[in-house]
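Comments concern the structure below.
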Amino acid sequence: MGAGPLSGVVVADFSRVLAGPYATMLLADLGAEVVKVEAPAGDDTRGWVPPTRDGVGTYYLAVNRNKRSIALDLGDPADLEVAHALSARADVFIQNFKPGGLARFGLDYASVKRRNERTIYCSISGFGSAGGAKLPGYDLLVQGMSGLMSLTGDPDGPPFRAGISVFDVMTGLHSVIGVLAALHHRDLTGEGQHVETNLLSTALSTLVNQTSAYVAGGVVPTRMGNAHLSLFPYEPLATGDGELIVVAGNDGQFRRLAEALGRPELADDERFDTVGKRNDHREELRPLLLEALAAKSAQEWFEVLTAAGLPCGPINTVQGGVELAERLGLEPVVEVDQVPTIRNPIGLSATPPSYRLAPPALDEHGDEIRRWLTEETDA
């Protein structure tokens with residue numbers, strides 16, 4: 001068993017691709033013992049290439065650290081018996097099959113609950129278990145159908161997807177929160193329960209101010225490129241040699257920005273002296289800011305504005321982002337058996353995340369897990 005706040009918690013991971021595996025990796029980092037159940041062909045992401053490392057898709061490597069793998073064909077009676085034994089032993093059961101898809105194998109919530117009333121059973125789907133039960137839950141579909149893509153891109157251009165499967169990741173995070181809450185409830189009451197998350201509900205929640213603009217304000221937000229609906233400046237702006245992200249989140253910050261740019265009178269201009277006015281007059285303010293910013297390079301302005309306590313930053317590549325974290329002492333990369341992975345972002349002073357196992361090969365621990373289940377049954 002691993003050390004950590006979840007040490008001793010056994011997770012049966014019947015999920016694949018991203019939302020579920022990301023959730024179970026986070027639980028594993030915190031000490032849970034995660035058994036990754038794969039079909040004989042393996043998790044799809046093993047073959048999502050390029051890029052690869054030692055022939056394995058880096059997509060798979062990103063979300064499967066600290067797990068043990070067993071390959072089971074649920075259509076085979078002997079393998080199904082192993083799956084049932086694992087479900088009876090698990091503290092947490094996580095799956096992202098289509099709603100109802102595991103019932104024919106006796107691995108749905110009701111069936112697992114009959115074997116173990118204390119199990120926390122987490123179902124992850126694309127559109128919930130009611131009217132959207134039959135809809136396939138791909139992140140790209142949810143980005144489009146939730147409204148995110150309508151907000152992403154230039155105002156006069158086509159809609160764009162985000163650069164990652166953002167709602168898969170967010171749903172994984174929400175699943176972890178639900179599982180942890182259910183485990184706490186079980187500690188108090190002894191009761192297991194069913195945790196349900198879905199990508200569309202996650203999307204509407206994590207669109208935060210944009211969905212609030214509609215449901216609370218009656219406004220349907222539209223694409224604004226890199227601009228912000230309610231703040232200006234809050235976007236990349238051209239300097240003497242490239243763009244720099246410049247932020248003034250309140251009136252005090254805007255005053256400091258105006259002073260740092262050598263244009264202190266802008267903060268007293270009645271067109272720009274409050275957040276709302278700056279939004280109303282952003283097309284008048286933008287050229288004045290660009291004129292001032294043209295006097296220095298992006299790096300020079302980064303140093304000047306940072307020294308003035310103002311939020312600003314360059315637009316890095318992914319490589320640049322990792323290197324920045326390294327320079328800041330965040331130690332973003334951890335190697336597990338010579339496989340580089342990204343550090344768990346949670347810091348805990350007494351029980352920090354641990355990195356014990358590299359992402360497993362398919363069925364790498366199959367024999368070990370079968371022996372463990374037999375021992376548990378005999379005990």
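The values are calculated or read from the model by the stated rules, or taken from the named source; none is laboratory data. Fair warning: this is a prediction, and the values are worked out from it, not measured in the lab. Cβ: placed from backbone, ideal geometry, glycine included. Neighbour counts: every protein chain shown.
Points worth noting:
- Residue within the stretch 173-194 that is part of a loop (DSSP other than H, G, I, E, B), out of contact with any His (no Cβ under 8 Å at 6 or more places or on another chain), more than 22 Å from Ala103 (Cα to Cα) and in contact (Cβ under 8 Å) with a residue 12 or more places away in the chain present: yes
Residue-wise test of (1) in contact with a Lys or Arg (Cβ under 6 Å, 6 or more places away or on another chain); (2) at pLDDT 95 or above; (3) of a type in the set (A, V, I, L, M); (4) surrounded by fewer than 24 Cβ atoms within 10 Å (Cβ to Cβ).
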| site | (1), (2), (3), (4) |
| --- | --- |
| Asp29 | no, yes, no, no |
| Glu33 | no, yes, no, yes |
| Gly55 | no, no, no, yes |
| Val63 | no, yes, yes, no |
| Asn66 | yes, yes, no, no |
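- Filtered residue count, the stretch 24-58, keeping only those that are more than 23 Å from Gln338 (Cα to Cα) and of a type outside the set (D, E, K, R): 4
- Filter result (buried (at least 16 other Cβ atoms within 10 Å of the Cβ) and of a type in the set (Gly, Ala, Ser)) within the stretch 82-100: Ala83, Ala85, Ser87, Ala88, Ala90
- The residue of the stretch 1-59 that is farthest from the chain's Cα centre (by Cα), among those that are of a type in the set (A, V, I, L, M) and in a helix (DSSP H, G or I), is Ala28.
- Pick from the stretch 68-81, criterion touching a residue at least 12 places away in the same chain (Cβ under 8 Å) and surrounded by fewer than 21 Cβ atoms within 10 Å (Cβ to Cβ), ranking: nearest to Ser7 (Cα to Cα): Arg68
- The residues of the stretch 322-347 that are assigned to a helix (DSSP H, G or I) and exposed (fewer than 13 other Cβ atoms within 10 Å of the Cβ), listed by number, are Glu326, Arg327.
- Criterion (buried (at least 17 other Cβ atoms within 10 Å of the Cβ) and of a type in the set (A, V, I, L, M, F, W, C)) met by exactly one of Ala182, Ala133: Ala182
- Scanning the stretch 348-367 for residues that are in contact (Cβ under 8 Å) with a residue 40 or more places away in the chain and either surrounded by fewer than 12 Cβ atoms within 10 Å (Cβ to Cβ) or of a type in the set (A, V, I, L, M, F, W, C) (or both) gives Leu348, Leu357, Ala358, Ala361, Leu362.
- Some residue of the stretch 125-133 being of a type outside the set (Ser, Thr, Tyr), at pLDDT 95 or above and either not assigned by TED's automatic domain parsing to the domain that holds Met25 or not in a loop (DSSP other than H, G, I, E, B) (or both): no
- Residues within the stretch 102-130 that are surrounded by fewer than 17 Cβ atoms within 10 Å (Cβ to Cβ) and closer than 21 Å to Ser205 by Cβ, tallied: 2
- Among residues of the stretch 195-216, those that are among the polar types (S, T, N, Q), crowded, with 18+ Cβ neighbours inside 10 Å and assigned to a helix (DSSP H, G or I), counted: 4
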